[in-house]
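Following: one structure in structure tokens, then a few remarks.
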Amino acid sequence: MRRILVTGALGQIGAELVPVLRERYGADRVVATDIRMPPVGAGEDGPFEFLDATNTHLLQELVRKHEVGTVYHLAALLSAVSEQKPHVAWDLNMGGLYRVLEVARQNRCAVFFPSSIGAFGPGTPRERTPQDTVQRPTTMYGVTKVAGELLCDYYHRRFGVDTRGLRFPGLISYVAPPGGGTTDYAVEIFYAAIRHRRYTCFLAPETRLDMMYMRDALRATVELMEAEPARLRHRNAFNVTAMNLTPEGLAAEIRRHIPEFRIDYEVDPVRQAIADSWPNSLDDSAAREEWGWQPEYDLAAMTQDMLRQLGARLKTY
Ligand SMILES: NC(=O)c1ccc[n+]([C@@H]2O[C@H](COP(=O)([O-])OP(=O)(O)OC[C@H]3O[C@@H](n4cnc5c(N)ncnc54)[C@H](O)[C@@H]3O)[C@@H](O)[C@H]2O)c1
């Protein structure tokens with residue numbers, strides 16, 4: 001088996017995906033890369049290389065040096081940051097993906113590309129959004145995600161590159177902090193509940209969005225990449241989901257464990273507008289049918305595990 005290279009490996013997903021891949025395929029077979037260096041004492045359980053994902057030459061060099069056969073391309077700007085820096089978002093989200101696909105084509109690598117519920121827009125059916133539907137996003141993040149999905153499909157059809165991808169909903173996790181997305185509240189709320197017993201939310205109480213616990217997201221990623229190719233009709237950008245949340249619903253669930261927890265609201269108009277342009281919920285039946293996707297964590301199971309794991313890390317809960 002050729003090696004795996006992960007871009008953006010120090011982010012919210014990469015910080016947990018790299019250990020899962022190392023456990024499964026061998027520590028020395030997974031090369032973590034990022035434009036940041038790992039914190040002192042971390043990142044010593046396998047190879048790490050500095051890589052700006054928009055640098056074709058360095059990417060090419062690393063893929064050849066480490067005999068890479070699969071790239072998990074995680075480096076990107078997330079939704080809220082992309083609205084602050086649309087030009088940087090275009091350069092990284094599109095430029096990075098294009099270069100990864102080109103290097104993959106030249107070196108016969110497979111590519112995993114995470115898309116997002118941000119690939120949908122206000123014209124998309126909002127409830128149980130279908131796998132194949134209108135995609136006219138109004139954010140720079142969404143524009144780069146739709147274009148990315150199409151580019152991955154193109155590289156598969158035209159050049160035979162084994163591209164696969166998921167449309168993740170908001171991801172909830174406790175290892176690395178989220179990188180500036182619209183669903184970050186669903187992570188911040190746990191830190192605030194454990195530390196301060198109160199949280200000021202930047203989305204309105206009834207804003208409904210799909211979410212997923214990181215463990216399910218990592219399993220979905222591995223299962224899709226190991227799926228029998230003949231079964232995949234969609235390949236890129238499978239809708240996947242696990243639970244449907246509002247800030248007030250999540251606060252109520254946390255209150256079952258921390259009765260004195262209080263939430264109030266200071267709505268951020270930029271992130272609220274992004275959330276309002278996204279689907280309320282996703283239909284993930286294509287993923288279920290084509291590669292057997294099945295989430296394990298619902299709201300209750302996720303909340304219980306988050307409080308336990310994060311509480312142990314913060315040593316206060
Ligand atoms: N976290 C979520 O809720 C979520 C949901 C849907 C989709 N996604 C997608 O998953 C992918 C990873 O998301 P994440 O949450 O881990 O993001 P993150 O912001 O936490 O991490 C991104 C990483 O990329 C690195 N990076 C930034 N610029 C780079 C560059 N030029 N070259 C190389 N690395 C660079 C950063 O240092 C960071 O470690 C992204 O494509 C994101 O759009 C995430």
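The values are calculated or read from the model by the stated rules, or taken from the named source; none is laboratory data. Note that this is a predicted model, so its numbers are computed, not measured. Here the Cβ is made from the backbone with ideal geometry for all residues, glycine too, and neighbour counts use every protein chain on show. For the accessible areas, the whole protein counts, side chains as well, though only heavy atoms, and no ligand, DNA or RNA atoms are used. Shrake-Rupley method; radii C 1.70, N 1.55, O 1.52, S 1.80 Å.
The figures follow:
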| read-out | value |
| --- | --- |
| Single unsatisfied condition, His73 versus (1) surrounded by 15 or more Cβ atoms within 10 Å (Cβ to Cβ); (2) farther than 22 Å from Asn236 by Cα; (3) not hydrophobic (A, V, I, L, M, F, W, C) | (2) |
| Residue in the range 225-240 that is surrounded by 16 or more Cβ atoms within 10 Å (Cβ to Cβ) and more than 20 Å from the chain's Cα centre (by Cα) present | yes |
| Cross-chain or 6+ apart pairs with Cβ under 9 Å, the range 232-247 first and without any contact (Cβ under 8 Å) to a residue 40 or more places away in the chain, then charged (D, E, K, R) | Asn244/Arg208; Asn244/Asp210 |
| Top-ranked residue in the range 67-118 [being of a type in the set (A, V, I, L, M, F, W, C), assigned to a helix (DSSP H, G or I) and within 17 Å of Asp162 (Cβ to Cβ); ranked as nearest to the ligand (Cβ to nearest atom)] | Leu97 |
| Any helices (runs of 4 or more DSSP H) falling wholly within the range 251-317 and containing at least 3 residues that are within 19 Å of Thr183 (Cβ to Cβ) and open to solvent by 50 Å² or more (accessible area, probe 1.4 Å) | 269-276 |
| From Arg24, Arg2, residue being touching a helix residue (DSSP H, G or I) at 6+ places or on another chain (Cβ under 8 Å) and open to solvent by 60 Å² or more (accessible area, probe 1.4 Å) | Arg24 |
| Selection from the range 9-41 of residues that are within 16 Å of the ligand (Cβ to nearest atom) and part of a helix (DSSP H, G or I) | Gly14, Ala15, Glu16, Leu17, Val18, Pro19, Val20, Leu21 |
| Check on Leu58, of a type outside the set (Gly, Ala, Ser), on the phi < 0 side of the Ramachandran plot and in contact (Cβ under 8 Å) with a residue 12 or more places away in the chain | no |
| Output for the range 125-134, where each listed residue is more than 16 Å from the ligand (Cβ to nearest atom) and among the hydroxyl-bearing types (Ser, Thr, Tyr) | Thr133 |
| Criterion: open to solvent by less than 10 Å² (accessible area, probe 1.4 Å) and touching a Pro at 6+ places or on another chain (Cβ under 6 Å) - qualifying residue of Leu203, Leu209 | Leu203 |
| Selection status of Ala42, open to solvent by 40 Å² or more (accessible area, probe 1.4 Å) and in contact with a Gly (Cβ under 7 Å, 6 or more places away or on another chain) | no |
| Any hit, the range 232-250, residues being on the phi > 0 side of the Ramachandran plot and in contact with a His (Cβ under 9 Å, 6 or more places away or on another chain) | yes |
| Residue within the range 176-193 that is modelled with pLDDT of 95 or more, out of contact with any Lys or Arg (no Cβ under 6 Å at 6 or more places or on another chain) and over 22 Å from Ala301 (Cα atoms) present | no |
| Residue check for Gly121: open to solvent by less than 10 Å² (accessible area, probe 1.4 Å) and not in a loop (DSSP other than H, G, I, E, B) | no |
| Selected residue [assigned to a strand (DSSP E or B) and more than 19 Å from Val222 (Cα to Cα)] from Glu44, Glu49 | Glu49 |
| Considering residues of the range 149-172 that are open to solvent by less than 20 Å² (accessible area, probe 1.4 Å) and among the small types (Gly, Ala, Ser) only, the residue nearest to the ligand (Cβ to nearest atom) | Gly170 |
| Of residues in the range 45-58 being out of contact with any helix residue (DSSP H, G or I) (no Cβ under 8 Å at 6 or more places or on another chain) and open to solvent by less than 50 Å² (accessible area, probe 1.4 Å), the one farthest from the ligand (Cβ to nearest atom) | Phe48 |
| Residues (of a type in the set (Asp, Glu) and under 19 Å from the mean Cα position of the chain (by Cα)) located in the range 283-307 | Asp283, Asp284, Glu296, Asp298 |
| Matching residues in the range 173-183 - criterion: being more than 8 Å from the ligand (Cβ to nearest atom) and closer than 20 Å to Ser281 by Cβ | Thr182 |
